[in-house]
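> Mind having a look at this structure? Questions to follow.
The values are calculated or read from the model by the stated rules, or taken from the named source; none is laboratory data. Predicted model only: the values in this text are computed from it and were never measured. Neighbour counts run over all protein chains shown; Cβ positions are idealised from the backbone, glycine included.
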Amino acid sequence: MEEQDNRQVYYGTKRIVAWPQQKETSDGLADGYAVKYEDGYTSWSPKEVFERAYIPLSSLLEPPTEMLIVMDEINVTYAPKE
């Protein structure tokens, strides 16, 4: 595939509901999460993949470092609640 000159890096956000769920694999049971999207579609994600991509809303006292970097790049200010 030929490189494209118009490629960009994107960060995406989506609102989901998820719960721990094991899945039967050829190696036995695998830990992961069932994921339900706003449109009702439900899928399954391995634990390590899911936990790298999602942060529980209830634990967001301050945005993660990666998000703060992006916010700084696009000039968005974060003001923590007092």
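> Considering only residues that are at pLDDT 95 or above and among the charged types (D, E, K, R), look in the stretch 1-38 and name the one that is farthest from residue 55 (Cα to Cα).
For the stretch 1-38, the residue satisfying everything is 24.
> Right, next: If residue 60 satisfies all but one of (1) surrounded by 10 or more Cβ atoms within 10 Å (Cβ to Cβ); (2) over 16 Å from the mean Cα position of the chain (by Cα); (3) modelled with pLDDT under 95; (4) not charged (D, E, K, R), what's the number of the condition it fails?
With respect to (1) surrounded by 10 or more Cβ atoms within 10 Å (Cβ to Cβ); (2) over 16 Å from the mean Cα position of the chain (by Cα); (3) modelled with pLDDT under 95; (4) not charged (D, E, K, R), residue 60 is out only on (2).
> Which residues, counting only those in the stretch 37-63, are acidic (Asp, Glu) and either free of Cβ contacts under 8 Å to residues at least 24 places away in the same chain or assigned to a helix (DSSP H, G or I) (or both)?
Matches in the stretch 37-63: 39, 48, 51, 62.
> Out of the residues in the stretch 5-57 that are loosely packed, with under 12 Cβ neighbours inside 10 Å, closer than 21 Å to residue 71 by Cα and among the aromatic types (Phe, Trp, Tyr), state the one that is nearest to the chain's Cα centre (by Cα).
11
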